[in-house]
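Worksheet: the structure to be examined is printed underneath.
Rule-based calculations on the coordinates, nothing more; no lab input. Predicted, not measured: the structure shown is a model, and the values here were computed from it. Cβ coordinates were reconstructed from backbone atoms using ideal geometry, including for glycine residues, and neighbour counts include every protein chain displayed.
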């Protein structure tokens, strides 16, 4: 470990607190060191808020170090008894929050013997999350164990009021440790062991510069229109500079989600257009000219076809964008010649339309290559030449000596760095998998063949009346141009073909490329390049984002230990990782090629990321200097207000006349699956005890009579469409006197099912409100609870329980959707006849019991007259509807007597099929 890492470890080891580090400085390394310390059966340490990828990475790292008692992973696949035994064995446990909450509430965890809790990604800990619930339960029963929290996302603490103080309060810690990149202790080892960095600033082509300028103008126009149309919105953060960063979508969401239902259609379209323009801008510097042109063309055609455009499509900047995007594919001169030819040779309207659709297909493309591709080839050629030179000048005898004593120390007796013989691997880091695949194809097949293949794919996807005829001619021209122009390139790039390899760090596979094709002079195919073997320096392509393993780069650096790293796309976190990698291996050289388009949005995006992180740490430093931390905030004393649970314990009188006041503990039965939501944590916070049980009917049992089914807005819509909510309401209505449907909204989203503009007075089967109205008509006892947030839900639950008896978990477990026995208050008739009778015209929930009490079966009911039905139902209208339904067909049928003979006195008799009452 480095000096500053040792200092951080000691500070956090001796005192609980929240650690906030800069991205890329190695917070996973520090977290792993803490795991190694506590991998002892004598202690029980629980790890929260990790992903399966994190757990696999830390487990692999610890196993490589030869730790005897590696961490264990506890999931819902392990039975309750096995989990209880696992807790008693001690050590470090990775455990899912939902399972751990249930085990804490059911006393399966020996909380008083827990050594401590480590929290990863601590910036996500809010009051209502499961991790905060766990820490509160832990601190209520354990006053001596530690809580240590880690995060490397300082930007997350800049939003909201006193965000860092609220997170520390939820974590029950009093100390805040800040370690930015500009900290003197952090910068010292990086200055001592500097990375050999070569910055390669690549100039964009004139067409690319013109496209970038046009896109920035369009983004600026959309932002100005958004501000003009919505003067009440705080748009200080909505700027062109922020629009270039990846966090712009988060900024927009935080600003507009609470009032999204109030925004006009034009405002929503402007936000959608900003997202589209940012996507185009990213494609400009990330991919080739054909992919960029295809995207621009598809957006242009879709906007014209559907008319969903806020106006940017008709600006001069948009026309400039389309023109220069086409110029990159077909060339400027060819475009001018085609336009002149089109003006001279006018055809009929049909010919013009046909020619317009195949206009691109009639021209031979020039296919502007990506400027970074050629630069990348030059860098790889330079590395190859340097390695060959090093091999030629190397002394064989000394090489043998070094091989017998590999990496014997990193410093000499004078404390100076001694360069060890490193691996000559080359690591190329690109933005995503798509970019890595393009680079692999480029290095294996050459730029001309790759562009020809991409253009061929574009023509097939575009289609058109003449595409099949023009396709073969154009591809032949491109191939002929490719063969004539790339004759020398094949000779120079042949070695680089054998250098290329694509590995999947998430799977740990190691692929190389066979150099036999280079020796025979045959072109290397992509498949051969992907799976072959080489003796020459190995080149690894790895994506920066989109990889299933967030620790993929760390794995590659640790396992492959490359000598050269090429940053095809700039990334702040990776730059810091390389600094740490170099400082922890002082005896191994490392050269980094930093590729970037000069004066591009790519450069501005990288600089903006650096600036925002620096501003975030400066803000946190000021907050730390002025924040007020109560002495009892760590929860180790009994007077911490964060642990108080007095709201739900209210005295209840023993009788209406008075008497001794009894302290009755409030209790709610909660379905196990509901612990994925925030509500159980907030209910417990209000002083109401929770009993986790797997129940089939309902989600929350408040009292013996009240059953609640909770639905979020998205879940409500899905349940209404699938019919599942009908079955749930049917089950609740059968077994509980007061069934309730809770519709819970997100506190950060509008308290509305649909926008005001989409509300209609017509009843539609596709409308959510219409479906809800039909549901309440079918189940008159069903009550709807509209709650704007989980906090409001917890308050309503507490009010509904006032003065009511507590529910029984044993009874709740016996209630299932298939149970035939109804409760005592609803135990008179079978469910089948009730459902059947309720579906008849004229019979509803108010009068169906009169029918069931008066008649034994359907035949008896069909034999009475209209007067008798009116007397039973209490309404002539309902009686007329039922009488017409029963006798409409009998008057026109001539063969009804045999049917009467078969059914007389026997129809629908018996349990579940007749009107007869149940026998006790």
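In percent, rounded to a whole number, the relative contact order of region 3-174 is 31, using alpha-carbon pairs under 8 Å and six or more apart. Take the Cβ atoms of residue 863 and residue 302, set R0 to 56 Å, and the FRET efficiency comes out at 0.25. Peptides 228-237, 29-38 ordered by packing proxy, namely the average of other Cβ atoms within 10 Å per residue, highest first: 29-38, 228-237. Residue exposure proxy: 204, 168, ordered by other Cβ atoms within 10 angstrom of their Cβ from fewest to most, comes out as 204, 168.
Spacing of the modelled spin labels on residue 604 and residue 559, each 7 Å from Cα toward Cβ, amounts to 4.0 nm.
The stretch between residue 644 and residue 768, if pulled fully straight at 0.36 nm per residue, gains 40.6 nm over its current Cα-Cα span. Packing order of peptides 64-70, 149-155, 596-602, highest average first: 149-155, 596-602, 64-70 (average count of other Cβ atoms within 10 Å over each peptide's residues).
Ranked by the mean number of other Cβ atoms within 10 Å of their residues, highest first, the peptides 259-271, 187-199 come out as 259-271, 187-199. Label-to-label distance for residue 676 and residue 724 is 0.9 nm, based on points extended 7 Å past Cα in the beta-carbon direction.
If a paramagnetic tag sat 7 Å from the Cα of residue 14 along the Cα-Cβ line, which residues of region 622-639 would have the backbone N under 14 Å from that point? In region 622-639, the label zone of residue 14 (backbone N under 14 Å from the point 7 Å along Cα→Cβ) covers no residue.
Working out 0.36 nm times the residue gap between residue 158 and residue 213, then minus their Cα-Cα distance, what length gain in nm do you get to one decimal? Could the numbers behind the result be given before it?
On the way: separation 55, 0.36 × 55 = 19.80 nm, distance 3.13 nm.
Here the answer is 16.7 nm.
Cβ crowding within 10 Å, taken as a proxy for footprinting-reagent exposure, orders 375, 144 from fewest neighbours to most as 144, 375.
Assuming a ≥ b ≥ c are the square roots of the Cα gyration tensor eigenvalues, decide whether region 3-174 counts as rounded (a/c under 1.5), prolate (otherwise, with a/b larger than b/c) or oblate.
Details: a/c = 1.65, a/b = 1.17, b/c = 1.40.
Cα axes put region 3-174 in the oblate bin.
Our estimate of slack between residue 166 and residue 323, defined as 0.36 nm per intervening residue step minus the Cα-Cα distance, is 51.3 nm. Label-to-label distance, residue 82 versus residue 809, with points set 7 angstrom from Cα along the beta-carbon direction: 2.2 nm. At an R0 of 60 angstrom, the distance between the Cβ atoms of residue 29 and residue 838 translates into a FRET efficiency of 0.35.
What list do you get for 811, 690, 743 if you sort them by fewest beta carbons within 10 Å? Walk me through the numbers on the way to the answer.
Details: 811 13, 690 21, 743 18.
Least crowded to most crowded, the residues run 811, 743, 690.
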